[in-house]
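Here's the structure we're looking at; comments come further down.
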Amino acid sequence: MFELVADVERYPEFVPLCRELKVRSRSTDADGKEVLVADMGVAYKLVRERFRSRVTLDKPNLRILVEYLEGPFSHLENRWSFKPAGESACEVEFFIDYEFRSRTLGLLMGAMFDAAFRRFAGAFEQRADKIYGRKAV
């Protein structure tokens, strides 16, 4: 599952609201973690927004940290952690915290973003089923 979540370029294929994703840079930090800077375009009806994030892929510790860099939010952070649960399963923990910079945009998009983020887990489970050919646990 770590690899599936780390494959950010594929998000437009299955992540709710994600219409495009472009990795602007890839590097390795001093601790050997892969660090991406990516732009994500999201859309809902007539509202379209773009934001930039730094994504730190910590494969040895099975963690992914996404930190907001610029766009319509005053802050955005999400964290993923993966814990093996047998030979072909794992437990996935996902945390997200965000706030829109504009009160108006928050009113327009807030409830829709909340609903989309609640559907994230299901989107990744369905993607795992499709990629790995079995029911994700």
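The values are calculated or read from the model by the stated rules, or taken from the named source; none is laboratory data. Because the structure is a prediction, the values reported are computed rather than measured. Reconstructed Cβ throughout: ideal geometry from the backbone, glycine too, with neighbour counts over all protein chains shown. Please note that ligands, DNA and RNA were not included when accessible areas were found on the heavy atoms of the full protein model with its side chains. Shrake-Rupley method; radii C 1.70, N 1.55, O 1.52, S 1.80 Å.
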Checking R54 against (1) in contact with an Asp or Glu (Cβ under 8 Å, 6 or more places away or on another chain); (2) within 13 Å of F2 (Cα to Cα): exactly one of these is not met. Which one? (2)
Identify all residues within the range 72-116 that are touching a residue at least 60 places away in the same chain (Cβ under 8 Å) and closer than 22 Å to A38 by Cβ; write none if there are none. W80, F82, V92, M109, M112, F113, A116
Of all residues in the range 72-90 being of a type in the set (S, T, N, Q) and under 30 Å from V47 (Cα atoms), the one that is surrounded by the fewest Cβ atoms within 10 Å (Cβ to Cβ): S74
Can you pull out the residues in the range 1-23 that are out of contact with any helix residue (DSSP H, G or I) (no Cβ under 7 Å at 6 or more places or on another chain) and either among the aromatic types (F, W, Y) or more than 17 Å from L65 (Cα to Cα) (or both)? F2, R10, Y11, P12, E13, K22
Are there strands (runs of 3 or more DSSP E) fully within the range 1-71 with at least 1 residues that are without any contact (Cβ under 8 Å) to a residue 24 or more places away in the chain, open to solvent by 60 Å² or more (accessible area, probe 1.4 Å) and farther than 27 Å from G86 by Cβ? List them. 18-28, 47-58, 63-70
Can you find a residue that is over 22 Å from L4 (Cα atoms), basic (K, R) and either open to solvent by 80 Å² or more (accessible area, probe 1.4 Å) or over 15 Å from the mean Cα position of the chain (by Cα) (or both) anywhere in the range 91-102? yes
